[in-house]
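Contents: one structure, followed by commentary.
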Amino acid sequence: MIFNNTALPILILLVPAVASITFKWGNIKLATAISGIIEIFLSLLLYIDKPAQGVFFIDNISVLFIFMVTSIYFISSLYSIKYFSQHDIYISDDLYFLLLNLFTISMLFTLEINNFGLMWVGIESTTISSALLIITERNETSLEAAWRYIIIVSAGVTFAFISIILIYYVTGTLTTSTLINSSFKSKFLVLAVAISLMGFGTKSGVFPVHTWLPDAHSEAPSPVSAMFSGVLLPVALYVIYRIYEIYPLKTVYVWIATLSIVMAAIFLIYQDKYKRMFAYSTMENMNIALIGFALGGPGIVGALILLLSHSFSKAGAFYSSGNILRLTKSKKIDDVNGLYKNSPITAIALLFSSFGASGTPPFGSFFGEIIIFFSLYQQHFLVPFILVIISVISVFISINFNVTKMTFENGKNNSKIDRTMEIIALISSIVPLAIGGYILILMGGLV
Amino acid sequence: MNMIQSIIFLIASMVAISGFYIQGIEFIIANIRGQSIQSILIAVLSFIMGFLERSLDLIILGIMVVILRVILINYFLERTIPKKRKFSVEKYLSVPYLLIVDLIFIVLSVILIYKFVFSSMILRESIAPSNILVFPLITFFQGMFLIASRKSTHTQIIGYVEEENAMILFGIFLLPIPLIIEASIFLDVLALVVISSIIVLEKSEHNPVEDLIG
C-alpha cells in the first residue's frame, strides 16, 4: 500500500481545490487542466491501491465512476479553454473554472464517501456548483433553464431525503459499507428504496421527473453539457444503485427504467434541436444502465461498460455540438447541413459520437447494451425486453437519421472552427470505439 | 396524550397551518416572513424535544434553524427585493381557487400516504402517537404545491425551503439524523438559496419559453 487509508481519496478531492486557489493569481485555466491530468493518474492509482473501508468506501465500481469523472473533467477543462476564448461569457473566466472545479469535487465526494447522508449532501452540492455554469452564456432561455434545473432537481433531491431518514429510522446507521452488506427487512426500507429512485432519479433522468434535463443540456455551454451528460447523471445513478443494494426492488426498477426508455424514444422522434436530441439520448442510456444495475450480475458489468463508453461518446457529441453552434449559430437540426464538406473533423466526431451514444457495433456501448438485454431476457422480463429493444431501435434511427442529414446534406458555410476544439471532440468520440475494440480483443482471447 | 405531548402536537399543527398561510398570501415579502415563522416554530419544537430528551443535538439543531433558516435565508431573500417593490404581489393569483385546490391535493395525498405507509410507525415515547407525522407530510406537500402553483422565483424558493423544513420536522419526530450530516444539509440549502437569489435578480418570474418546449 503506497498511501495510508484515507490519503489517496483526500488527495483526489484536494487537487481540484488547489487548482481553484490559483483563482487569485489568474492561472486557473492552466491549473485546472493540469489538475485534470493529475486526477486521472490518481484515479488509476486508486484502482491499484484501494483504501480500506472507513470514512471512504471505494470498490471497483466507484473507481470506475471516479475515473469517468476525472477523465471528462480533464477533457472538458481543455475544451473550455478554447471554447470560451471565442464565446461571450457572462461570468468571468476565473469564476467559470472555479465552479467547474467545485462541481468536480462535489461529484468525487459523492462517489467516495461512506455515508448515505453525506452522499445526499454531495448530490445537492453538485446542483449548487453547476447551476451558475448553465448561465455562462447569459440569455433569457438559459436563465429559465438554470432555474428549472435548480427548482426541479432540488425539490426531487429533497424528496430523496425522506429515503435517507427512513433508512436511518430502520437501521440506525447511514454507513454505506455496513448497509449494503446487511440484511435488514422492513416495509419502510422498501419505501426508502422506491423513494430514492424517484428522488435521486430526478437527477439521473428517470421519467417523469426528468424535465429539467433537455433544458439544462441544451442551454448550458457545450463543455458543461458534456459534464452533465457524461458524468453528473451517472453519479446520481451511482447513488441510486448504492441505495438499491440495501433492498433490491428489481421489478419496480426494471419497469420504471423501461417506461423511461420508451418515453425517451418517443421524445426523440420529434426533436428539432440537436442538443436536446442528445439530452434525450442520455436519458435513454441512463435508464438502460439502471436496468443493468437492477438485474445484477452480468447486468452490472454491462451497465459499467455502457456508462464508461457513454461518458466519452456523449462528451464528444456535446463538444461537436459546440463546434457546430460556432459554425452555424443555430441549435436547430434543419439549419445544419454540409458539415462533412465544411468541417470534416467535426463531422466525423459527430458521427462517431452518435454511433457511440446509440449503441452501434463495435462501439463499447453496443457490448454494454447487449449484455444488459441478454440479462433482461434471461431473467424473464419479456415485456420490458421487447419494449426496450423496440425503443432502442427507434432511438438509433432518430439520432442517426438527423446526424446523417446534418453531416452529408448539401450546404455551404464559410465559418471556421478552432482545430484544437475539433480534435478534442474527435478524440472523445474515438474512445468508445477503442473500448469496443478492447472488448473484441478480450472476446477473441476467450474464444 | 399528556400535556407536553399536546403542546408538541399543537406546535406541529401550527407548522402545517403556517404552510397554508404562505399558500394563501400573495405578497412576496409576507411569504418570506411566513417561512421565517414556520422555521421559528420548528426551532421551538426542536428545543422542547431537546430538553425533554436531554439531547444536545436537538438543541444545536434548533439553534441552527434559527441562525440559518430564520435569520440568514430571510436576509438573503429580502435583500433581493428592491425597496420600492416591498409590496410587490403575484397579480395573476386567484387565492381562493388556489387554496381550495391546495386543500384537496394535500388532504388526499396526506391521508393516503399516512394511512397506507406511516400509520404503523412507532415513535419515541416523548412524541407519542404516530399521527403527528401528518404535519411534516402536510408541510412537504404544501412546499411542493407552492412550487407548482406560482410563477415568482421568490415564492418557488420559499416552496423549496418549506419542503426542507418538512424534512427537519420529519427527522425530529422519527429519529434525528447525526448532527454533522444535518449541519451539512443546512449549509447546502443556504448555499442553494444564495445561488437562487442571483437568479432572482435576473429573472423574477417564470413563464413557458418556446425554445424549451418538447
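Since every read-out is calculated from the coordinates, none of them should be taken as a lab result. Please read these numbers as outputs of a predicted model, since none were measured by experiment. Cβ placement follows ideal geometry from the backbone for every residue including glycine, while neighbour counts extend to all protein chains displayed.
Cross-link partners among lysines for B:K115, C-alpha distance below 17 Å, same-chain residues fewer than 8 apart left out?
Result set, ordered by chain and number: A:K187.
Neighbour counts of other C-beta atoms within 10 Å: give me A:M263, B:M121, A:M421 arranged from fewest to most.
Final ranking by Cβ density, sparse to dense: B:M121, A:M263, A:M421.
Relative contact order for the range A:249-447: what percent, with Cα pairs under 8 Å and sequence separation of 6 or more?
31
By counting other Cβ atoms within 10 Å of each Cβ, how are A:T70, A:T127, A:T420 ranked from fewest to most?
Ranking A:T70, A:T127, A:T420 by Cβ neighbours within 10 Å, fewest first, gives A:T420, A:T127, A:T70.
Suppose each label sits 7 Å from its Cα in the direction of the beta carbon; what would the B:E210-B:I60 distance come out to in nanometres?
Output for this residue pair reads 5.5 nm.
Would you list the membrane-span-like helices of chain B, meaning whole DSSP H runs whose alpha-carbon atoms span at least 18 Å along their axis and whose mean Kyte-Doolittle value is at least -1.0?
B:3-24, B:28-52, B:95-116, B:134-149, B:153-174, B:179-202
Pop out the Kirkwood hydrodynamic radius of the range A:249-447 from its pairwise C-alpha distances, inverse of mean 1/r, in Å to one decimal.
After inverting the mean inverse Cα-Cα distance, the result is 16.9 Å.
Between A:L259 and B:V117, how many nm apart are label points set 7 Å from Cα along the C-beta direction?
1.5
If R₀ is 41 angstrom, what is the calculated FRET efficiency for the pair A:S182 and A:K405, using the beta carbon separation as r and rounding to 0.05?
According to the calculation, E is roughly 0.20.
Give me the percent relative contact order of chain A, please, defined on Cα pairs under 8 angstrom at least 6 residues apart.
Worked out over chain A, it gives 14 percent.
Can you list the lysines whose alpha carbon is less than 18 Å from that of A:K331, not counting same-chain residues fewer than 8 positions off?
Here the lysines satisfying the reach criterion relative to A:K331 are A:K273, A:K275, A:K314, A:K405, A:K412, A:K416.
Could you work out the mean count of beta carbons from other protein chains within 10 Å of each residue's beta carbon in A:143-151?
So the per-residue partner count for this stretch is 6.
So, R0 is 60 Å and r is the distance between the beta-carbons of B:A191 and A:Y377; what FRET efficiency does that work out to, to 0.05?
Efficiency, from the Cβ-Cβ distance: 0.85.
Taking H placed 1.01 Å from N in the peptide plane, check which residues at least 5 places from A:K273 or on another chain put their amide H under 5 Å from its amide H.
A:I333
For the pair B:I198/B:Y97, report the inter-label distance in nm, with labels modelled 7 Å from Cα in the Cβ direction.
Placing both labels 7 Å beyond Cα along the Cβ direction yields 3.6 nm.
Under 24 Å Cα to Cα from B:K151, which lysines show up? Leave out anything in the same chain fewer than 8 places away.
Correct list for B:K151: A:K203, B:K83, B:K84, B:K86, B:K91, B:K203.
Thinking of the protein assembly as shown as a set of Cα atoms, what percent of all their pairs are more than 32 Å apart?
Value for the protein assembly as shown (Cα pairs over 32 Å): 49 percent.
Which of A:S321, A:S154 comes first, and how do the rest follow, when ranked by fewest Cβ neighbours within 10 Å?
A:S321, A:S154
If I take R0 = 22 Å and measure r between the Cβ atoms of A:E140 and A:T211 in this structure, what FRET efficiency does the formula 1/(1 + (r/R0)^6) give, to the nearest 0.05?
0.75
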